[in-house]
Amino acid sequence: MRGNPIFREGIELYLIEGHGFVVYGYFLMLLAALEFLILFLPSIDPQAWVGPANLFKLSSAAALLLIVYSVLRITNQEFVPWRFIALRRWFDGERLSVWDVAQGQIALLCLHAALLVLLCAPLLIWAGAITRAPAGSVLFTFAVLLFYSLSYGVWALAAVTVWERRMESRQVFIRCLFISLVLLSALFYPPVNPVAFLLNYLGRREMAALVFWGWKWPAASVHFLFHFLLLGSGLLLYGAALRRREGKR
Amino acid sequence: MEAQVGFHGLFQLGHPFPLTVNLSNSGRPVEGTLQVKVWKGGPTKGIDPYPFYYQRTVLLAAQSQKSFQFTVDPDSISRPLTVTFLGPAGEASQDIDLRRHFSPSPLNLLLTENSVAPSVPLASNASAPLIPLSISQLPSEARAYRGVSTIVFYEQSLRDLSKAQSAALETWIASGGAILVLGSIHYALYQEPAMSRFLPVRVLGLKRFASLPGLESAFKTKAAPLKNLLAQDSRLVEGKVLLEEQGTPILVESSRGRGRLWYLSLDVGRPPLSHWDGLALLFGLLGSAHEAERAPALTSWDESVISRLLWNPSFFSTYVPIRSFFLWLLFYLGGLSLLAWLWLRRRWPRLRLVQALLSLVALAGFGGYLHFVRGGNIPDGVLVASTLLESVAGEYAEAQSNIALFSTQRRDYNLRVESGWSGLEPVPRSGVSDAALIVREEGDSSGLSFPLGEWDYRLFKVRSVARFPVRVELENRGDRFFLRIANLGSRDLTECWLVVPGQRFLLGDILQGSSQTREFSAAPMEGEAKRQEKIDLHDIPFGDKTRELLMRYSFFPQEQGMARWGGGAALFFGWVRGAPRRIWVDDPRVIAYEYSLFRAVIPLDDEGEL
């Protein structure tokens, strides 16, 4: 992977030059502030006696929102966009194949997601310790944070490929995607919403099963099926867009 | 296994009663658990029925027989009471239908070693059965007597009365019970120290009376005159003489707490009194034995009070590791900032910085985890006991203890309650079905066992009557009040206040063993604006925020109209410093907070005294 020029470009810009540090810094500061407030302010839930009861649950939900949003923005090349080499040049000038480009960009997406999860890990581990959350729940949370980052992040890759020169269109699309799938979907069917699902899972609450054509689908199955479909369709769209770009050279 | 319900098979409906279980072991030694299941809740309580268990560990020697006494308090008798012995070889259980055993009226108990029981026509409880008992059958828990109106002693030696039985009887009297001691020619029995505790007189010997003119004049022509009879000679120790002959007390009444002690020097079990037609008139002088049970002190203890308590930063910062969490945050974010700075300045090799980053994340993650899981000042639980001591007659106070046990862990708790408690009720929470409660009898205290989940809590209310010798007297002389307070107890009263209509006065601390006399103006001073008739108790400040919250939302709740004090009564209250623990958990991982407020309400019609 080190030899992949797109991956190297991302490493150079975000890590060597430090343009990604701003994102990581904001992310950590926001998460730390939220976690401290959740701990300090008693819960409004009359059944729970203080904030610590919900510290891990709410911190995980906050981390989820922040990580997914950060990954979407980083992948969408919203930071120092003028420094990124255009796809046309990779295809024409560097003679990279679709597979090379996809490999580099997806590896970069995975690296950012892993770094964000790694950086927030101590905060979530402390929250889990204070809340007395089982180790299984903490590990599950880390796993789904990575999974959601990829599921939603590929759509930012697709957007960057489809609207490479239309920065505003990409930004609007990314924000609409985030608001509709990560926030508003909870209003229609909570099990497909990642925040609602995580809160219910960590709160050990059963979610309503989906009854479809007489078949009863457990909420967890529906949730993961939806996100695998989201990931798959995002990858398909991204691949198709890359091939279309390659075909234009 | 045999079980006997109540007192010879009878108990008063709606009150706790003793349950004696006799176990016979015809085989090898066996150890097991004896368990009694009753049903609480139900339609009368407005909540779903739930099982309530009483347990005791028992050890039976080979070829032996043993009796175990429980005090049980079912809310409903429509479901059977179940007694179960759980042993290593299996279990044996027995269902008892309680509907065959209840009495709608309170019971009277008779303790006598005489084979012939005297006629005791107590006027106040004509329908109540008189049940003969032996000393060994007397329960050793005060709450077992809650369904008993009067206990009659006649020619009974109390030498075999155990300390626990004696303490239970004293607690029961203080909470409203009555003891009637009938005199006898065997006067030496009445000079025993154990008996003297329940006598308002000191028995000196026997005295012969040719006639009883005082008695005859009291009943005039309603009963035949009594001639030539023996009565106990005695000297008054406490209370008042209702009837006397030639300076000898015949009938004496004394109050102790909310209860009564009566002494009749005549031997009603022997002629001529045993056949006397005026016995009913004589006992009629005693008045009401069973005082109507007083409503418990109006304190509020529910989720809304707990929410307010938890909003208090000084309260939750004691068990939430805010400070250490903040320090860990500073350490981690500071370390990351330093590494980022070193990275951008290229002071260190990149590889070493990556290793340093991974080390920092690992150190912060695992170090913080160990700190917060094993230490971090997070206790397993927090016990809050808030007790209102309401002054009753004499030197006694009725205690209503409100308990909240919070848990940060999923674990079992054993809440210990001091002996003498009379009512223990779990406070139901809306939408939550709590686990079953088990009362374990352990020596001189009871243990209440129940599980709690992490960050869960349970609320209870416990009532008891205890000696609390603080006397408060208020004399109203029109334009001035004279307040006399004597703290004869072993605890200091702090932050004391007196509230009279339109005024409130800070009295400060009243130390143990001290007394104070204070004078206050009843009328507004010249030039002072007209005072409001009612005083808002919520405005009264205390040094401790938790005390203020308990005062406002638990002891004097606004919803019950107690926030504003006025009308025809004065109010004295003060916090008890170092109050004796009534409820506790024997576990250093559970933090306990105890708050006790002593309160005396003094009517202002005449000279008030409490």
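The values are calculated or read from the model by the stated rules, or taken from the named source; none is laboratory data. Worth saying up front: this structure is predicted, and the values here are computed from it rather than measured. Ideal geometry is used to build each Cβ from the backbone, glycine not excepted, and the neighbour counts take in all protein chains shown.
Going through segment B:328-352 one residue at a time, which ones are within 11 Å of chain A (Cβ to nearest Cβ), surrounded by fewer than 16 Cβ atoms within 10 Å (Cβ to Cβ) and assigned to a helix (DSSP H, G or I)? Before the answer, list the steps.
Residues of segment B:328-352 that are within 11 Å of chain A (Cβ to nearest Cβ), as a first pass: B:328-333, B:335-337, B:339-341, B:343-346, B:350.
With the extra rule that they be surrounded by fewer than 16 Cβ atoms within 10 Å (Cβ to Cβ), the set shrinks to B:330, B:337, B:341, B:344-346, B:350.
Once the filter is applied, which keeps residues that are within 11 Å of chain A (Cβ to nearest Cβ), surrounded by fewer than 16 Cβ atoms within 10 Å (Cβ to Cβ) and assigned to a helix (DSSP H, G or I), segment B:328-352 yields B:330, B:337, B:341, B:344, B:345, B:350.
For segment B:15-26, indicate whether the set of residues that are surrounded by fewer than 17 Cβ atoms within 10 Å (Cβ to Cβ) and either within 30 Å of the chain's Cα centre (by Cα) or closer than 26 Å to residue B:168 by Cα (or both) is non-empty.
Within segment B:15-26, one or more residues are surrounded by fewer than 17 Cβ atoms within 10 Å (Cβ to Cβ) and either within 30 Å of the chain's Cα centre (by Cα) or closer than 26 Å to residue B:168 by Cα (or both).
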Q | Selection within segment B:310-320 - facing chain A (nearest Cβ under 7 Å) and crowded, with 19+ Cβ neighbours inside 10 Å | A | B:310, B:316, B:320
Q) Being over 18 Å from the mean Cα position of the chain (by Cα) and hydroxyl-bearing (Ser, Thr, Tyr), is that true of even one residue in segment A:30-51? A) yes
Q. Would you say residue A:121 is out of contact with any Leu (no Cβ under 6 Å at 6 or more places or on another chain), within 21 Å of residue A:195 (Cβ to Cβ) and within 14 Å of chain B (Cβ to nearest Cβ)?
A. yes
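Can you tell me which residue among A:113, A:107, A:158, A:186 is of a type in the set (Gly, Ala, Ser), over 30 Å from residue B:340 (Cβ atoms) and in contact (Cβ under 8 Å) with a residue 40 or more places away in the chain?
A:158
Could you tell me whether residue B:417 is at pLDDT below 80 and either β-branched (Val, Ile, Thr) or not assigned by TED's automatic domain parsing to the domain that holds residue B:590 (or both)?
No.
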Q. Would segment B:377-397 turn up any residue that is within 26 Å of residue A:38 (Cβ to Cβ), without any contact (Cβ under 8 Å) to a residue 60 or more places away in the chain and in contact with a Phe, Trp or Tyr (Cβ under 9 Å, 6 or more places away or on another chain)?
A. yes
Q: Would you check if there is a residue in segment B:508-518 being modelled with pLDDT under 85, assigned to a strand (DSSP E or B) and farther than 14 Å from residue B:483 by Cα?
A: no
Q | segment B:78-100, residues that are surrounded by 19 or more Cβ atoms within 10 Å (Cβ to Cβ) and under 25 Å from residue B:46 (Cα atoms) | A | B:81, B:98
Q. In segment B:541-584, how many are among the basic types (Lys, Arg), buried (at least 16 other Cβ atoms within 10 Å of the Cβ) and assigned to a helix (DSSP H, G or I)?
A. 2
Q: Kindly provide the set of residues from segment A:230-242 that are aliphatic (A, V, I, L, M) and either under 15 Å from the mean Cα position of the chain (by Cα) or over 23 Å from residue A:105 (Cα atoms) (or both), ordered by number.
A: A:230, A:231, A:235
Q: Filter the strands (runs of 3 or more DSSP E) completely within segment B:168-238 down to those with at least 3 residues that are under 26 Å from the mean Cα position of the chain (by Cα).
A: B:178-182
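Let's see how each residue does on (1) surrounded by 18 or more Cβ atoms within 10 Å (Cβ to Cβ); (2) in contact (Cβ under 8 Å) with a residue 60 or more places away in the chain; (3) within 22 Å of the chain's Cα centre (by Cα):
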site: B:5; (1), (2), (3): yes, yes, no
site: B:9; (1), (2), (3): no, yes, no
site: B:13; (1), (2), (3): no, yes, yes
site: B:44; (1), (2), (3): no, no, no
site: B:58; (1), (2), (3): yes, no, no
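Can you tell me which of B:266, B:242 is modelled with pLDDT of 75 or more, more than 34 Å from the chain's Cα centre (by Cα) and outside the structural domain of residue B:14 (by TED's automatic domain parsing)? I'd like the intermediate steps shown before the answer.
Values: B:242 fails: more than 34 Å from the chain's Cα centre (by Cα).
Answer to the check: B:266.
Residues checked against (1) crowded, with 19+ Cβ neighbours inside 10 Å; (2) at pLDDT 80 or above; (3) touching a helix residue (DSSP H, G or I) at 6+ places or on another chain (Cβ under 8 Å):
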{"position": "A:67", "(1), (2), (3)": "yes, yes, yes"}
{"position": "A:74", "(1), (2), (3)": "yes, yes, yes"}
{"position": "A:77", "(1), (2), (3)": "yes, yes, yes"}
{"position": "A:83", "(1), (2), (3)": "no, yes, yes"}
{"position": "A:88", "(1), (2), (3)": "no, yes, yes"}
{"position": "A:94", "(1), (2), (3)": "no, no, yes"}
{"position": "A:99", "(1), (2), (3)": "no, yes, no"}
{"position": "A:105", "(1), (2), (3)": "yes, yes, yes"}
{"position": "A:108", "(1), (2), (3)": "yes, yes, yes"}
Q) In segment A:97-118, which residue that is within 13 Å of the chain's Cα centre (by Cα) and within 14 Å of chain B (Cβ to nearest Cβ) is nearest to residue A:242 (Cα to Cα)? A) A:111
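Yes or no: segment B:485-494 includes at least one residue that is free of Cβ contacts under 8 Å to residues at least 40 places away in the same chain and over 30 Å from residue B:383 (Cα atoms). Give the steps one after another, and end with the answer.
Initially, segment B:485-494 is screened for residues free of Cβ contacts under 8 Å to residues at least 40 places away in the same chain, giving B:486-487, B:489-490.
Pick out the ones that are also over 30 Å from residue B:383 (Cα atoms) and you get B:486.
Looking through segment B:485-494, at least one residue is free of Cβ contacts under 8 Å to residues at least 40 places away in the same chain and over 30 Å from residue B:383 (Cα atoms).
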Q: Consider residue A:32 carefully, then state whether it is at pLDDT 85 or above and among the small types (Gly, Ala, Ser).
A: yes
Q) Which one of these is closer than 23 Å to residue B:537 by Cβ, over 16 Å from the mean Cα position of the chain (by Cα) and in a loop (DSSP other than H, G, I, E, B): B:504, B:491? A) B:491
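State all residues of segment B:71-94 that are outside any loop (DSSP other than H, G, I, E, B) and either basic (Lys, Arg) or within 16 Å of residue B:40 (Cα to Cα) (or both); if no residue qualifies, say none.
Passing the criteria: B:71, B:72, B:81, B:82, B:83.
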Q) In the list B:385, B:364, which residue meets the criterion of being of a type outside the set (Asp, Glu) and either within 28 Å of the chain's Cα centre (by Cα) or surrounded by fewer than 20 Cβ atoms within 10 Å (Cβ to Cβ) (or both)? A) B:385
**Q.** Search result, residues across segment B:198-239 that are within 15 Å of residue B:266 (Cβ to Cβ) and either among the β-branched types (Val, Ile, Thr) or outside the structural domain of residue B:157 (by TED's automatic domain parsing) (or both)
**A.** B:201, B:203
**Q.** Residue list for segment A:124-161, restricted to those being within 12 Å of another protein chain (Cβ to nearest Cβ), among the small types (Gly, Ala, Ser) and in a helix (DSSP H, G or I)
**A.** A:127, A:128, A:129, A:135, A:137
Q.
I need the full set of residues from segment B:446-475 which are small (Gly, Ala, Ser) and either surrounded by fewer than 17 Cβ atoms within 10 Å (Cβ to Cβ) or within 14 Å of chain A (Cβ to nearest Cβ) (or both), in order please.
A. B:449, B:453
Q: Could you tell me which residue of segment B:292-309 is farthest from the other protein chains (Cβ to nearest Cβ), considering only residues that are within 18 Å of residue B:404 (Cα to Cα) and at pLDDT below 75?
A: B:297
